[in-house]
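Report on one structure; see the data block that follows.
The values are calculated or read from the model by the stated rules, or taken from the named source; none is laboratory data. Quick caveat, the model's predicted, so the values are computed rather than measured. Cβ atoms come from the backbone with ideal geometry, glycine included; neighbour counts cover every protein chain shown. Remember, those area values only see protein heavy atoms, side chains included, never the ligands or the DNA or RNA. Shrake-Rupley method; radii C 1.70, N 1.55, O 1.52, S 1.80 Å.
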Amino acid sequence: MEPRLYGCFHCRNIVSCHEDIMAKNFVGVGGRAFLFSHAMNVLVGTKREANLITGPHVVADISCSDCKKVLGWKYELAVPESEKYKEGKFVFVNKNIVKANW
Ligand SMILES: [Zn+2]
């Protein structure tokens, strides 16, 4: 079976695999989002502190390595114990990625 992939909405650069989806019920700035355990072909931006509903975190924007558009963010650090599983994981906002079937 072919791996199902997700590409950048803007330029179709492959950025993640369907098998790496950890959660589909994320809501971020920009709308519904998916949490992925891995990402590829993305650039990680400057780390910044963010006070989220779930507590204090350190996040960094992730952008497409090809067209440089911001697609989501990476959790660099999660302070609350219950949120630690997100550390090092990637969130892509749904509207910024498309399912690639090639
Ligand atoms: Zn792109």
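Quick notes
- Ranking by accessible area, most exposed first, for Val91, Val27 with a 1.4 Å probe: Val27, Val91
- The simple Förster model, with R0 at 35 Å and r as the Cβ-Cβ distance, assigns Tyr85 and Ser65 a FRET efficiency of 0.85.
- For region 5-100, the equivalent ellipsoid built from the Cα gyration tensor has semi-axes of 21, 14, 11 Å, listed from largest to smallest.
- Residues Val42, Val79, Val59, ordered by accessible area of protein heavy atoms at a 1.4 angstrom probe radius and largest first, appear as Val79, Val42, Val59.
- Sorting Asp20, Asp66, Asp61 by solvent-accessible area of protein heavy atoms yields Asp66, Asp61, Asp20, largest first, with a 1.4 Å probe.
- Contour minus Cα-Cα distance for His38 and Asn25 (0.36 nm per residue): 3.0 nm
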